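S.K.: Next up is a structure, given as structure tokens.
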Amino acid sequence: MKNNFILASVFLLGITVSAQTKEVLMVPNENLITENILPIPKSISEGFKKYSESRSAVLSAVHPVDNSIIISTRFASVNQLHKVAHPLGARKQITFFDEPVSSASFEPTKGHYLIYSKDIGGNEFGQLFKLDLKTMTSTMLTDGGRSQNGGVRWLVDGSGFYYSSTKRNGGDRDIYFMNPDKPQNSKMILQVKGGGWGLTDVSDDNKNLIVQEYISANESHLYLYDLESQKLSNITDRNQKSVVQSAAKFSKNKDVIYFLTDRDNEFIRLATMDLKSKKIDYITSAIKWNVENFTLSKDKSKIAFVTNEEGINQLYILDTDNNNYSKVPGLENGLISSAEFANNNKRLFFSKSSDDSSLDVYDFNLNSKKITRWTESELGEMQKEDMSSPNLISWTSFDNQKITGFYYPASKKFTGKRPVIINIHGGPEGQSMASFLGANNYYTNEMGIALIFPNVRGSSGFGKSFLASDNGFNRMNSVKDIGALLDWIAKQQELDKDRILITGGSYGGFMTLATAYEYADKIRASVDIVGISDFNTFLKNTEEYRRDLRRAEYGDERDPKMSEFFTKIAPMNNTDKIKKPMFIIQGTNDPRVPVTEAVQMKEKLKAQGNVIWYLEAKNEGHGFRKKENIDFQRAATIRFIQEYLLK
């Protein structure tokens, strides 16, 4: 472990006491590698505790018989599965691991056991496990190696499930069938080429599967696989490019499917297709925003679908007899996920958050139209008055393209021009939405910092043209969108243009690094989290199962012209332009953006004499998930902000 605590000190119970000042300091745990991080007073973590103890609850599964639910929530270091038997009932923990568990699926007839997925150290090589709810014992069902396993789709009678796995060669995501009572007999059903394949539905008679091939955020295709003839046939035209066709489900009529598509439209609509005639009917054309996802009731009489309307989710219920739909009444604005119907087809469970509340689970009674809250997650000591609410803002970029984002103002108890943190999402096809700030309320309420979450070109939710507008050789246009935001900040009376920090994770990390060299004179500092420092080396070293999927978005480094472009824009090759302090944060086991991306950036900046802080977690992957690591990351980030943004 590398530390820069140069003051003489003694170690006591995970903290340091400075011999010079007698000030109690934080010490990184044994899994953290640190370089050049200034001493962090324990008072920072103590002051932050009010904001860092909030929880959330996400729906994982609904019991097929008694309508109890399984949620994912954290009471110790990481998220684990808990059972909730009735609204606002006790959260009974049922998994107890050092690694997080977030998703689960009940055996669909009696619900005597769960299938769940878990990886190790954030490596994302998820393995499937069976949890017997009578004995509370878990059994690993898959190979336990460097493979990804998931996408469980059950047979109606519960005799087994289909799933996807990369276990054949680590790169191709084939389809398998398993009886969880005899996992050793798991067999491949369909061999494919590529890492973007997955199963979306199984017909009730177990004769056909719907299989999806993901090419990029702008293109996906659907296939029908006949289990008897073992024939894979096209549902959609594989030769038609740049069209999304996804999430297909069989309707009551086995020859008609529901699916999501942006065919003939800027936004993704819910549609039906007749599999014989290939006739498509669009259902949600009146909604000028994306339909993000949908779920069918067990009797296939109802559909619940969620839209993304300028960064806010809306929940709708559709009657499949006539395809008429309406909004669920009585829901305040917020974000919605994980919707699932109960087996009685009368209740819809879902997870929801708002700007002053983290995710919790609710149900909607389709007969009474009543919404019932099932969980009420603790927000630590935070009160509503401690929380900042988002305001939708917009600015014009270099080419007159309108760019939007969400602005969280600093608390009104602070006067004068406020410093700004710009937080750029990953993806790049991610989207910043009107979400609950959670622990980030510390910045607005205790440090007086305004936060801006931009949706630069390439973000999802604003139409397929906007989504594709940063692809390939247009990559740096999204960085120019941040340049235009910096100009917008300079015009705001309440914001301080001379105190701006840039941060972001994954692709947002690349954006952070690129902004650090493109606009070095307009920012004060930057915090790069699992960021890409050179697309050439990134594409060479990212895991095989995702390499071609990323090439479709960023460009193919095997093309000499594209490789030359990557070399030109790489933050690694522009470090001479980076003048301001930088904090780099990385997980050792990251399968997406390998640790080498962080190390090479850190070493080059260090050799140049730049101010560079570094934090690496040996038991994390693409971002930190363990609370003890998250807490140190937060405290170190606050210390960095104090030193290089606020001074």
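The values are calculated or read from the model by the stated rules, or taken from the named source; none is laboratory data. Remember, predicted model here, so these are calculated numbers, not experimental data. We place every Cβ from the backbone using ideal geometry, glycine too, and count neighbours over all the protein chains shown.
S.K.: Going through the range 154-171 one residue at a time, which ones are closer than 22 Å to Asn208 by Cβ and of a type outside the set (Val, Ile, Thr)?
M.R.: Passing the criteria: Trp154, Leu155, Asp157, Gly158, Ser159, Gly160, Phe161, Tyr162, Tyr163, Ser164, Ser165.
S.K.: Go through (1) among the hydrophobic types (A, V, I, L, M, F, W, C); (2) at pLDDT below 90; (3) crowded, with 17+ Cβ neighbours inside 10 Å one by one and return the number of the condition Met1 breaks.
M.R.: It fails just one condition, (3).
S.K.: OK, next. Any idea which of (1) surrounded by fewer than 22 Cβ atoms within 10 Å (Cβ to Cβ); (2) among the charged types (D, E, K, R); (3) in contact with a Gly (Cβ under 9 Å, 6 or more places away or on another chain) is the one Lys497 doesn't satisfy?
M.R.: Of the numbered conditions (1) surrounded by fewer than 22 Cβ atoms within 10 Å (Cβ to Cβ); (2) among the charged types (D, E, K, R); (3) in contact with a Gly (Cβ under 9 Å, 6 or more places away or on another chain), the odd one out for Lys497 is (3).
S.K.: Only one of Lys602, Lys580, Lys627, Lys606 is over 26 Å from Gly170 (Cα atoms) and modelled with pLDDT under 95. Can you tell me which? Working first, answer last.
M.R.: On the way: Lys602 fails: modelled with pLDDT under 95; Lys580 fails: modelled with pLDDT under 95; Lys606 fails: modelled with pLDDT under 95.
Result: Lys627 is the single residue among Lys602, Lys580, Lys627, Lys606 that is over 26 Å from Gly170 (Cα atoms) and modelled with pLDDT under 95.
S.K.: Same structure, new question: Which of the residues that make up the range 151-189 are in a loop (DSSP other than H, G, I, E, B) and closer than 16 Å to Met140 by Cα?
M.R.: Result: Gly160, Lys167, Asn179, Pro180, Asp181, Lys182, Ser186.
S.K.: Also: Among the residues of the range 592-610, are any basic (Lys, Arg) and touching a Pro at 6+ places or on another chain (Cβ under 8 Å)?
M.R.: no
S.K.: Still on this model: Mind counting the residues in the range 259-302 that are under 17 Å from Ile210 (Cα atoms) and either among the β-branched types (Val, Ile, Thr) or in contact (Cβ under 8 Å) with a residue 60 or more places away in the chain (or both)?
M.R.: Qualifying residue count, the range 259-302: 4.
S.K.: Specify the residue that is surrounded by the fewest Cβ atoms within 10 Å (Cβ to Cβ); the eligible residues are those in the range 128-155 that are more than 22 Å from Arg592 (Cβ to Cβ) and among the basic types (Lys, Arg).
M.R.: So, considering only residues that are more than 22 Å from Arg592 (Cβ to Cβ) and among the basic types (Lys, Arg), the one surrounded by the fewest Cβ atoms within 10 Å (Cβ to Cβ) is Lys134.
S.K.: Under 7 Å between Cβ atoms, which residue pairs at least 6 apart in sequence (or on different chains) link something in the range 221-243 that is over 19 Å from Phe177 (Cα atoms) and touching a residue at least 12 places away in the same chain (Cβ under 8 Å) with a partner that is assigned to a loop (DSSP other than H, G, I, E, B) and of a type outside the set (Phe, Trp, Tyr)?
M.R.: Close Cβ pairs (under 7 Å, with a partner that is assigned to a loop (DSSP other than H, G, I, E, B) and of a type outside the set (Phe, Trp, Tyr)) amount to His221/Thr236; His221/Arg238; Leu222/Ile235; Leu222/Thr236; Ile235/Leu275; Ser242/Asn218; Val243/Asp262; Val243/Arg263.
S.K.: Looking at the range 382-392 only, could you name the residues that are free of Cβ contacts under 8 Å to residues at least 60 places away in the same chain and either hydrophobic (A, V, I, L, M, F, W, C) or under 15 Å from Ser478 (Cα atoms) (or both)?
M.R.: Matches in the range 382-392: Met387 only.
S.K.: May I pose another question? Can you tell me which of Pro87, Pro64, Pro28 is in a loop (DSSP other than H, G, I, E, B), at pLDDT below 95 and out of contact with any Asp or Glu (no Cβ under 7 Å at 6 or more places or on another chain)? Don't jump to the end; show me each part of the working.
M.R.: Details: Pro87 fails: at pLDDT below 95; Pro64 fails: at pLDDT below 95.
Going through Pro87, Pro64, Pro28 in turn, the sole match is Pro28.
S.K.: Say whether the condition of being closer than 30 Å to Asn79 by Cα and assigned to a loop (DSSP other than H, G, I, E, B) is met by at least one residue in the range 552-566.
M.R.: Checked the range 552-566: no residue is closer than 30 Å to Asn79 by Cα and assigned to a loop (DSSP other than H, G, I, E, B).
S.K.: Something else: Can you tell me which residues in the range 409-468 are closer than 17 Å to Val527 by Cα, buried (at least 21 other Cβ atoms within 10 Å of the Cβ), under 20 Å from the mean Cα position of the chain (by Cα) and not hydrophobic (A, V, I, L, M, F, W, C)?
M.R.: Asn423, His425, Gly426, Pro454
S.K.: Conditions: (1) part of a strand (DSSP E or B); (2) surrounded by fewer than 21 Cβ atoms within 10 Å (Cβ to Cβ); (3) touching an Asp or Glu at 6+ places or on another chain (Cβ under 8 Å). Gly504 meets all but one. Number of the miss?
M.R.: Failing condition for Gly504: (2).
S.K.: Quick one: is Lys568 surrounded by fewer than 17 Cβ atoms within 10 Å (Cβ to Cβ), closer than 30 Å to Asn36 by Cα and out of contact with any helix residue (DSSP H, G or I) (no Cβ under 7 Å at 6 or more places or on another chain)?
M.R.: So Lys568 fits the description; yes.
S.K.: Hey, another quick one. Enumerate the strands (runs of 3 or more DSSP E) found wholly within the range 316-393, keeping only those where 1 or more residues are modelled with pLDDT of 95 or more, surrounded by 17 or more Cβ atoms within 10 Å (Cβ to Cβ) and acidic (Asp, Glu).
M.R.: 335-341, 357-365
S.K.: Of all residues in the range 468-501, how many are over 25 Å from Lys604 (Cα atoms), in contact (Cβ under 8 Å) with a residue 12 or more places away in the chain and outside any helix (DSSP H, G or I)?
M.R.: Number of matching residues: 10.
S.K.: May I pose another question? With in a strand (DSSP E or B), among the polar types (S, T, N, Q), surrounded by 21 or more Cβ atoms within 10 Å (Cβ to Cβ) and touching a residue at least 40 places away in the same chain (Cβ under 8 Å) as the only criterion, which of Thr73, Thr95 stands out?
M.R.: Only one candidate passes the filter, namely Thr73.
S.K.: Now for a different question. Go through the range 192-300 and tell me which strands (runs of 3 or more DSSP E), entirely inside it, have 2 or more residues that are within 25 Å of Tyr325 (Cα to Cα) and among the charged types (D, E, K, R). Break it down into steps so the answer makes sense when it comes.
M.R.: Values: elements: 197-202, 208-216, 219-226, 231-234, 245-250, 256-261, 269-274, 280-282, 290-296.
Strands (runs of 3 or more DSSP E) meeting the threshold: 269-274.
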